[in-house]
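In what follows, a structure is listed as structure tokens, so that the remarks can point back to it.
The values are calculated or read from the model by the stated rules, or taken from the named source; none is laboratory data. Small disclaimer: the values here were computed from a predicted structure and weren't measured. A quick note on method: Cβ atoms are made from the backbone with ideal geometry, for glycine too, and the neighbour counts reach across all protein chains shown.
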Amino acid sequence: MIVAALLMLLSSCHGNRKRLSSNEESSFLITYSKKEIVIESTKSNDVVDHFFYKNGEYFASSDSILFFSTVKDTILNVTSYEKKYKIIIKKERDGVYKTSSYYVDDKGSLYFLISYSYDSKYQIFQIEKGSNVVYQ
């Protein structure tokens, strides 16, 4: 009985996992822990993104860039590896938030890359990719 209780406690420390799929072969595996969200793509050369919790918001592991927020609407202009991106974080409606990423070309035109919809507890329930493929 004690061993079973310890195993349950240890397994809960690893957080929970959720898979979002579409009508395509690819999917996203999302792992939640106390201070981190990890999003793994099964199609995009096994891309793994890490987001770290700090002061009530989540930041991208690279350069501590704000990525998920339920605090306020935000627009960020980011340069990474000499490429420009725009990140738009906004409240869609009560309890629903969305972070969208765009590539910005030399002329300032925006090209949609990906968006994440999530609730006030940062539980991601939908991912939309540039080709209008929706993962739920």
>> Show the residue pairs meeting these rules: Cβ distance below 8 Å; 6+ apart or different chains; first residue within the range 85-110 and loosely packed, with under 13 Cβ neighbours inside 10 Å; second residue of a type outside the set (D, E, K, R).
In response: Glu92/Ser117; Gly95/Ser120; Asp105/Tyr111
> On the given criteria, is Lys86 modelled with pLDDT of 95 or more and in contact with an Asp or Glu (Cβ under 9 Å, 6 or more places away or on another chain)?
Replying inline: no
> Somewhere in the range 98-121, is a residue in a loop (DSSP other than H, G, I, E, B) and within 20 Å of Leu20 (Cα to Cα)?
Replying inline: yes
> Since Ile124 meets every condition but one in (1) of a type outside the set (Ser, Thr, Tyr); (2) within 12 Å of the chain's Cα centre (by Cα); (3) at pLDDT below 90, which condition does it not meet?
Replying inline: (3)
>> I need the full set of residues from the range 115-134 which are surrounded by fewer than 17 Cβ atoms within 10 Å (Cβ to Cβ) and among the β-branched types (Val, Ile, Thr), in order please.
In response: Val133, Val134
> How about the range 61-84: which of its residues are touching a residue at least 40 places away in the same chain (Cβ under 8 Å) and of a type in the set (Val, Ile, Thr)?
Replying inline: Thr70
